[in-house]
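The values are calculated or read from the model by the stated rules, or taken from the named source; none is laboratory data. Remember, predicted model here, so these are calculated numbers, not experimental data. Reconstructed Cβ throughout: ideal geometry from the backbone, glycine too, with neighbour counts over all protein chains shown. Each accessible area value is taken on the protein alone, full model and side chains, heavy atoms only, with ligands, DNA and RNA left out. Shrake-Rupley method; radii C 1.70, N 1.55, O 1.52, S 1.80 Å.
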Amino acid sequence: MVKYWGKDNVVWQDKMVEIDFPHVIHAQQFSLDDLEKLFMLTAILKQQIGKGKKKDWLNGNIVLNLIYEPSTRTMTSFSVAGLRLGADVITPADPAKLSSVIKGETLEDSIRIYADKVDVIILRHKDDDSALRASRSRFCQGVPIINAGAGKGQHPTQSLLDYFTIRERFGRIEGLIVAICGDLKHGRTSRSLAYLLSKYKGVEIYFVAPQVAQMSPDVLDYLTSHNVKWHQSETLKEVISFVDVCYMTRFQTEREDPEEKEIMAHASMVNVIDEQLAESMKDDAIIMHPLPRIHEIKWGVDKNKRSVYFLQALNGDYIRMALLLCILNPDKVEKLLASAA
Amino acid sequence: MVKYWGKDNVVWQDKMVEIDFPHVIHAQQFSLDDLEKLFMLTAILKQQIGKGKKKDWLNGNIVLNLIYEPSTRTMTSFSVAGLRLGADVITPADPAKLSSVIKGETLEDSIRIYADKVDVIILRHKDDDSALRASRSRFCQGVPIINAGAGKGQHPTQSLLDYFTIRERFGRIEGLIVAICGDLKHGRTSRSLAYLLSKYKGVEIYFVAPQVAQMSPDVLDYLTSHNVKWHQSETLKEVISFVDVCYMTRFQTEREDPEEKEIMAHASMVNVIDEQLAESMKDDAIIMHPLPRIHEIKWGVDKNKRSVYFLQALNGDYIRMALLLCILNPDKVEKLLASAA
Amino acid sequence: MVKYWGKDNVVWQDKMVEIDFPHVIHAQQFSLDDLEKLFMLTAILKQQIGKGKKKDWLNGNIVLNLIYEPSTRTMTSFSVAGLRLGADVITPADPAKLSSVIKGETLEDSIRIYADKVDVIILRHKDDDSALRASRSRFCQGVPIINAGAGKGQHPTQSLLDYFTIRERFGRIEGLIVAICGDLKHGRTSRSLAYLLSKYKGVEIYFVAPQVAQMSPDVLDYLTSHNVKWHQSETLKEVISFVDVCYMTRFQTEREDPEEKEIMAHASMVNVIDEQLAESMKDDAIIMHPLPRIHEIKWGVDKNKRSVYFLQALNGDYIRMALLLCILNPDKVEKLLASAA
């Protein structure tokens, strides 16, 4: 089987464990070379597959969407990816309300049962280490797990589609100036983005949030130790004119502390991209958002050429196709890459 | 692309807007010629496709059931229609409970995201103008929307299957005498039926309901202005012997006013079709019901040759197949119609 | 159509009625000869179909999972069975919350509507006689019903997979000593197992449970009248060393009577299979469980060669494939059996 992503090591339950291929557990397990190949494959798929099109490259395979936390969008994206490649897809409705789960069955037992039946499991679960736990179960060796969102932790396919979209527009990630705006303290997307950007030379990051919602020190220290230049800012207006990428996320105003709540409410009103602000950006800059957006970006901005948030969602389908193909039909991957070379 | 239904204009948000092809938003957008062709196609599909049969005419297409309001029956019917024609079908469970919706995402944003991924969206939503809004979003031009029930408003595939069923039995709609019985004030099926019948010459309608549940004046005025003869009646018994079609619907007894509640309860007991009443109908008359029925029609009536309510449900599959085929593979439609001519 | 299971008679609504082919309503409808052929077919399918594999033997058929009670596992198993054989599968989310059901539609009406649309209905419903009622409806003759769990009553595919697993391991069922442990009074699996074991000569059964949870007298009388040796025991330890099969089920500790509750809690602590107990079993004995298990079997036992509970779950897919194939493509069944002879 081809290996499009390297093994990685993480501390889990107080010991160092390996992220095993072909599970897709966290975005960091991909080396720059891995990413380069994965993005090349994604671009090829995007050229060849679209509306009304279906390939037979995954015929005979069953994709199981095991989605314990509501996530119609991610589920639909994986379903589209599987179906357009010829796989079948099974999506149980609300497995979290399963009688077996209510009775107290462990995640490991649940996974174990499905492991024998299907060809790949897409897992979304409230526990931060759910995908890792599932993949490390001795009994799950027979089935690859793709992490589709683990609690407040990793959501690697979201990170990969973000990267792919940046790279697709700029042809590179090195040297870009990126603003990340929103509730950075609680946003898993923001954390993942910061970690992954640190792999590229010359990237400079502006974290835009009030102090109560600023990026955690562990991420900032990590960036410093990897020689990534970073800055903090309170408002978008200070940075919008010179960044290449403005990555917006939601300001989560649900806070217990009334003072914090007020600060967040204020920040969510101040840090809104409207048409005027969008036009003040560099000509080739892009505005990103993991969606859903509420009012962080005004509807009028959608038609601005800098807006790529709906494109991100579409790119997600192709990233997921690429991963499924790498896992289930690596020979086809080799052929596609060779013919494109 | 073939055009099997005309454009129509409606007043929406205080201005006149166009129902755009190939969206299917309301039943009135179909001209009599459109209907004639659509029904011919439906009849052809009914002959060629049945149990154990599947065509490849929609291969490569993905149908998305975006069903915000519970509606297993309509969802299943669209799924059967898509699958028997070779399409793939994705049905998210309960999108109304989606985190994105709960967070406040607009319908337009949701549709926009799915518009890029799939080939047609079946939309059922609590808002009366949901399908129209979705279809008019500038960003949804890439994906046809089929209205599968919009709040208390339109449910065009239900209307079309009703029409097809009448036409299938009588070979015509002109000149028929139709009784519509039930809670006409709140029933969207009854309203749609009345509007569509007005397109045909010589149709005569009897609205059977107590005054508190009678058809709204706007519909009655519309009929008068289109020279359709209509009458009001309190009980089925007065009209059952001479009508060609008896269209039953449920009496909704959930009323706040205690007097109205009593009137409705009485009406629901009086206006029941039992075996004796069914036999008192004209020999070739038919009994229709959009289902589910509760006790408006006794079980014993099911075996009466006049009962066509289960046939209506089956015809719904073929009407939906016909619409999907017109939208996604118009060339095949031309060939089927030509070979049948 | 081939007939792989005999007709059976049951008392229903105070009269004797026939279980009609090709409905699959209860496990007892299968004669020993039926079972022999069904298991042979299951074994053939298990050899030929696995991960990444799909046959076209059910192309054009639609399987409808009509699952009124939460049951992701059974639903997934039927879906895998249908998809791997080439069928399409439709699974409405939570039909029990259907507006039609809430409005008061009968099960018969619901089934009637789907009967025309799909090729086989998998029914799980809270009523003990649901599958029988559905299959006996005059209007459902057009669609086979497979009972996927009827209230506290039958769950025939679970029984069949249990049998298949025993037979697969031992090559026979005759003469085996079987312990059935758990809340036997309320467990439908335990009842079904006991009934079916009575078909085989020389089987001896040990019912392991405290008196308040012991097997009902009707089952015990039935066994006695069929010359099956049975015994009652309070703890697993008394019997574990000499049984061939130890069938574990959950101890349901939800009791109103506080004394009973305590007895059950005690029983659930005492009757646990740990690694030591597993090792004390005969060398070729097997440990079974319908799953989910909570703590009746320790995780460490999973790697013991005697543990077959996850294998049971997998075998369920093949039993269900075999049933679907017998119902929808009997010609293929004949060919498969002939080529294996």
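Just a few scattered comments:
- Within region A:237-291, tally of residues that are without any contact (Cβ under 8 Å) to a residue 40 or more places away in the chain and of a type outside the set (D, E, K, R): 10
- Any hit, region B:250-264, residues being of a type in the set (K, R) and within 27 Å of B:Q154 (Cβ to Cβ): yes
- Residues that are farther than 17 Å from C:F78 by Cβ and either open to solvent by 10 Å² or more (accessible area, probe 1.4 Å) or more than 7 Å from chain C (Cβ to nearest Cβ) (or both), drawn from region A:104-118: A:G104, A:E105, A:T106, A:L107, A:E108, A:S110, A:I111, A:R112, A:A115
- Index of the failed condition, A:V270 passing every other in (1) surrounded by fewer than 17 Cβ atoms within 10 Å (Cβ to Cβ); (2) more than 19 Å from A:K185 (Cα to Cα); (3) of a type in the set (A, V, I, L, M): (2)
- The single condition among (1) within 11 Å of chain A (Cβ to nearest Cβ); (2) modelled with pLDDT of 95 or more; (3) in contact with a Leu (Cβ under 7 Å, 6 or more places away or on another chain) that B:L123 does not satisfy is (1).
- Count - residues of region C:195-206 that are touching a helix residue (DSSP H, G or I) at 6+ places or on another chain (Cβ under 8 Å) and closer than 19 Å to C:I240 by Cβ: 2
- Scanning region C:45-75 for residues that are touching a Phe, Trp or Tyr at 6+ places or on another chain (Cβ under 7 Å) and either within 14 Å of chain B (Cβ to nearest Cβ) or buried (at least 20 other Cβ atoms within 10 Å of the Cβ) (or both) yields C:L45, C:V63, C:L64, C:N65, C:L66.
- The lone exception for B:R124 - which of (1) open to solvent by 30 Å² or more (accessible area, probe 1.4 Å); (2) in a helix (DSSP H, G or I) it fails: (2)
- Residue check, A:L32 touching a residue at least 24 places away in the same chain (Cβ under 8 Å) and surrounded by 15 or more Cβ atoms within 10 Å (Cβ to Cβ): no
- Verdict on B:G149 being within 14 Å of another protein chain (Cβ to nearest Cβ), in contact with an Asp or Glu (Cβ under 9 Å, 6 or more places away or on another chain) and closer than 25 Å to B:L32 by Cα: yes
- Taken over region A:170-196, residues that are over 19 Å from A:N271 (Cβ atoms) and either touching a strand residue (DSSP E or B) at 6+ places or on another chain (Cβ under 6 Å) or touching a residue at least 40 places away in the same chain (Cβ under 8 Å) (or both) amount to 5.
- Test: A:D56 is assigned by TED's automatic domain parsing to the domain that holds A:S135, modelled with pLDDT of 95 or more and not basic (K, R): yes
- Under the condition of being within 21 Å of C:Q312 (Cα to Cα), among the β-branched types (V, I, T) and in contact (Cβ under 8 Å) with a residue 40 or more places away in the chain, the residues counted in region C:39-89 number 5.
- Output for region A:211-239, where each listed residue is out of contact with any Phe, Trp or Tyr (no Cβ under 9 Å at 6 or more places or on another chain) and not hydrophobic (A, V, I, L, M, F, W, C): A:Q211, A:S216, A:P217, A:D218, A:D221, A:S225, A:H226, A:N227, A:K229, A:E234, A:T235, A:K237
- Complete set of residues in region C:284-319 that are buried (at least 18 other Cβ atoms within 10 Å of the Cβ), over 21 Å from C:F251 (Cβ atoms) and within 11 Å of chain A (Cβ to nearest Cβ): C:L314, C:N315, C:G316, C:D317, C:Y318
- Filter pass, C:V10 being touching a strand residue (DSSP E or B) at 6+ places or on another chain (Cβ under 9 Å), surrounded by 20 or more Cβ atoms within 10 Å (Cβ to Cβ), touching a residue at least 60 places away in the same chain (Cβ under 8 Å) and more than 14 Å from every other protein chain (Cβ to nearest Cβ): no
- Residue in region A:322-336 that is open to solvent by 20 Å² or more (accessible area, probe 1.4 Å), in contact with a strand residue (DSSP E or B) (Cβ under 7 Å, 6 or more places away or on another chain) and within 12 Å of another protein chain (Cβ to nearest Cβ) present: yes
- The criterion of at least 1 residues that are not assigned by TED's automatic domain parsing to the domain that holds C:Y206 is met, among helices (runs of 4 or more DSSP H) falling completely within region C:236-341, by C:309-328, C:330-340.
- Odd one out for A:P92 among (1) within 7 Å of chain C (Cβ to nearest Cβ); (2) closer than 25 Å to A:G316 by Cβ; (3) at pLDDT below 95; (4) touching a Gly at 6+ places or on another chain (Cβ under 9 Å): (4)
- Close pairs (6 angstrom Cβ cut-off, 6 or more residues apart or separate chains): over 26 Å from A:M75 (Cβ atoms) in region A:296-314, assigned to a helix (DSSP H, G or I) and open to solvent by 10 Å² or more (accessible area, probe 1.4 Å) anywhere: A:G300/A:E275; A:V301/A:E275
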